[in-house]
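Input: a single structure, listed below in structure tokens.
The values are calculated or read from the model by the stated rules, or taken from the named source; none is laboratory data. Remember, predicted model here, so these are calculated numbers, not experimental data. Using ideal geometry, Cβ is built from the backbone for each residue, glycine included, and neighbour counts are taken over all protein chains shown. What goes into the accessible areas is simple: the full protein's heavy atoms, side chains included, and nothing from ligands, DNA or RNA. Shrake-Rupley method; radii C 1.70, N 1.55, O 1.52, S 1.80 Å.
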Amino acid sequence: MQSRREFLRTASAFALSASLPLDRIEPELILYNGNIITINDRQPRAEAVAVADGRFLAVGTNEKVQALATGKTKKINLEGQTVVPGFIDAHTHPAEAGLLHLRRVDCDLRSIAEIQRAIRERASKTPVGEWVLGFKYDDTKTSDGRALTDKDLDAAAPQHPVYISHRGGHTAYVNALAYSRAGISESTPDPQGGRFDRDPKTGKLNGRISERATEVFDKAIPESYSRSDYREAVKLISKMMSRAGITSAHDAWGVHDYLRGYQDAHEAGELSMRIYCLIHYREIDRMLAAGIRTGFGNEWVRVGGMKMVADGSISERTAWLSQPYVGRPNDFGIQVMTEQELYENGRKAHEADWQIGVHANGDRAIDMVLRVYERLQRERPRRNARFRLEHCTVINDSLVQRIKTLGAIPTPFAAYVYYHGEKMREYGPERLDHMFALRSFLDAGIRVAPGSDYPPGPFEPMMALQSSVTRTDINGNVWGPKQRITVEEALRVQVLHGAYASFEEHEKGSIERGKFADLVVLGRDPLHEEPLALVKIPIERTMVGGRWVFEG
Ligand SMILES: [Zn+2]
């Protein structure tokens with residue numbers, strides 16, 4: 001039996017030799033006079049690259065690469081600009097984000113009054129009695145110093161059921177009509193793994209719902225999308241992400257409609273980044289029955305691992321922790337799936353050679369997921385399972401050791417310290433030394449591959465770079481400085497490790513002969529930039545498979 005690694009090697013060699021031997025292929029394009037940071041240890045810097053059939057044909061000095069040019073080769077002088085491999089977002093929700101941008105009110109606003117105005121406006125264009133939906137609300141980003149309530153939403157749209165999801169995606173805010181549409185009253189008990197939040201003073205429902213309590217609303221909201229809506233959504237988000245330099249994205253909660261949307265967009269020439277689609281565990285049976293497993297697809301749309309969720313979120317402070325939240329002595333966060341559920345679903349996937357990815361933010365959740373992975377490996381050892389720990393936020397030394405032993409891949413939020421700094425107080429400075437722990441992972445030799453989790457986190461790779469290098473938030477507060485990594489390391493984890501997390505390290509993740517011509521031209525060199533200004537480095541152009549998908 002061929003190992004996956006051997007298979008990928010053969011596959012990529014075949015793709016190149018299918019037409020002609022490498023030295024006889026004519027380059028379609030040469031980029032020269034560049035400051036090329038390759039993230040290839042054997043050749044860390046280069047001046048020029050030649051591209052043919054969507055791959056790098058040559059990487060080297062101006063002289064050597066330009067010598068390959070023929071009359072048909074297009075040449076671009078980079079005039080000293082910096083080039084890096086295309087960024088890989090190892091955990092994000094592109095199709096879902098695209099749909100939200102298409103249909104919902106963007107509540108990324110700075111006061112409750114502004115949010116009310118936006119809701120009122122949408123309600124005025126929506127027939128009475130129909131749902132008004134919003135997304136990207138963030139309770140810590142408004143100037144009011146308090147969270148949205150059902151009363152705020154009633155005031156904005158008394159005749160419409162309103163449902164606003166939090167930026168983190170694990171909590172939502174609803175009004176009175178929404179409660180009644182979902183059949184929720186003051187006497188409804190909390191569902192397992194979820195909560196209908198209540199005002200601590202009055203004990204009455206306050207409009208906030210968390211974790212699995214949102215499921216009854218999902219059922220009540222008659223949201224329907226046509227096949228072309230999915231394609232449209234993918235087109236929209238793919239443009240947004242190309243502009244930021246993302247050339248590959250791992251969809252961390254994929255369903256069949258998303259897969260079809262990605263494929264439709266690809267066939268219509270509207271998909272400008274490569275997708276590795278982790279599949280929702282509830283859809284795994286159908287996939288197994290069809291004989292599909294991780295790796296199925298092509299270089300543009302590929303089936304990834306199976307995805308499950310163990311606990312709550314960091315940005316909404318529901319991660320399942322061993323020590324309580326600062327200022328809330330009895331609050332340890334929320335466990336979403338039980339160990340047994342994780343094991344039973346995981347075993348099905350593991351036995352069918354699927355990669356598995358489980359969302360686990362808090363240390364208690366990570367411990368539980370590792371226990372499941374360890375058990376699966378004991379019962380049926382696999383050499384290259386590449387278990388993923390989605391987010392893997394709050395760690396300790398023993399968790400890191402177990403991750404290393406398993407060869408698992410954490411996908412932490414790389415931009416959270418910078419962007420979500422104001423939420424860090426509830427975790428406390430001590431715990432922050434063990435959160436988004438890129439330094440600890442790298443020191444242990446773990447192939448950590450960060451993700452944005454967009455919409456919960458911003459997806460701009462330059463923000464992730466600054467956040468990981470400085471551990472400083474927008475307001476200048478430093479959180480967990482022990483976890484700082486260098487600019488070069490921050491680049492490496494965002495490209496090469498992202499490729500490893502999808503078994504594609506022989507195809508992408510560095511600027512190297514034979515790999516896909518996925519690259520980004522930057523306005524300035526991050527290695528020579530003031531660390532607190534990294535976020536401002538402009539993305540000039542993005543190339544995927546030898547084609548410019550964004551030109552600023
Ligand atoms: Zn996610």
* Asked: Hey, with R₀ at 35 Å, roughly what FRET efficiency would GLN401 and LEU532 work out to, going by the Cβ-Cβ distance, to 0.05?
  -> 0.55
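Okay, helix-only estimate at 222 nm for the chain: each DSSP H run of n ≥ 4 adds -39500 (n - 2.57), divide by all residues, round to 500 deg cm²/dmol; what do you get?
After summing the helix terms and dividing by the residues of the chain, the value is -9000 deg cm²/dmol.
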* Structure fact -> Per its Cα gyration tensor (rounded if a/c is under 1.5, else prolate when a/b beats b/c, else oblate), the stretch 250-363 is best filed as oblate
* Distance from a point 7 Å along Cα→Cβ of GLU551 to each backbone N in the stretch 74-108: keep the residues under 12 Å and list them by number. => 75-77
* Asked: D for the chain, whole µm²/s, Stokes-Einstein with Kirkwood Rh over alpha-carbon pairs at 20 °C and 1.002 mPa s: what number?
  -> 88
* Backbone HN-Hα couplings from phi across the stretch 426-440 [Karplus 6.51/-1.76/1.60, Hz, Gly and Pro as x] -> 6, 8, x, x, 5, 5, 4, 5, 10, 10, 6, 8, 4, 4, 4
* To do: Can you tell me the order of 304-314, 404-414 when each peptide is scored by its average per-residue count of other Cβ atoms within 10 angstrom, highest first?
  => 304-314, 404-414
* Among the listed pairs LYS136/LYS423; LYS141/LYS423; LYS239/LYS515; LYS151/LYS201; LYS151/LYS204, those beyond 20 Å (Cα-Cα) -> LYS239/LYS515
* Heavy-atom accessible surface of the chain: percent carbon and sulfur, 1.4 Å -> 49
* Asked: With every protein chain present, what is the per residue accessible area of the chain (1.4 Å probe, Å²)?
  -> 40
* For the stretch 342-437, fraction of C-alpha pairs farther apart than 18 Å, in % -> 45
* Could you give P(r) for the stretch 236-309, binned at 10 Å from zero, as whole percent values over all Cα-Cα pairs? -> 21, 52, 24, 3
* Give me the Kirkwood hydrodynamic radius of the stretch 143-224, using the inverse of the mean 1/r over all pairs of distinct Cα atoms, in Å to one decimal. => 12.8
* In debye, nearest 20, what is the charge dipole magnitude of the chain about its Cα centre with +1 on Lys and Arg Cβ and -1 on Asp and Glu Cβ, if you could check? => 580
* Structure fact -> Simple spin-label estimate for GLU379/GLU63, 7 Å along Cα→Cβ, in nm, reads 6.2
* Any chance you could list the semi-axes, whole Å, largest first, of the equivalent ellipsoid that the Cα gyration tensor gives for the stretch 440-538, using √(5λ)? => 23, 17, 13
* Give a residue-ordered list of calculated ³J(HN,Hα) values for the stretch 284-290 (Karplus: 6.51 cos²θ - 1.76 cosθ + 1.60, θ = phi - 60°; whole Hz; x for Gly, Pro). => 5, 4, 5, 5, 4, 4, 8
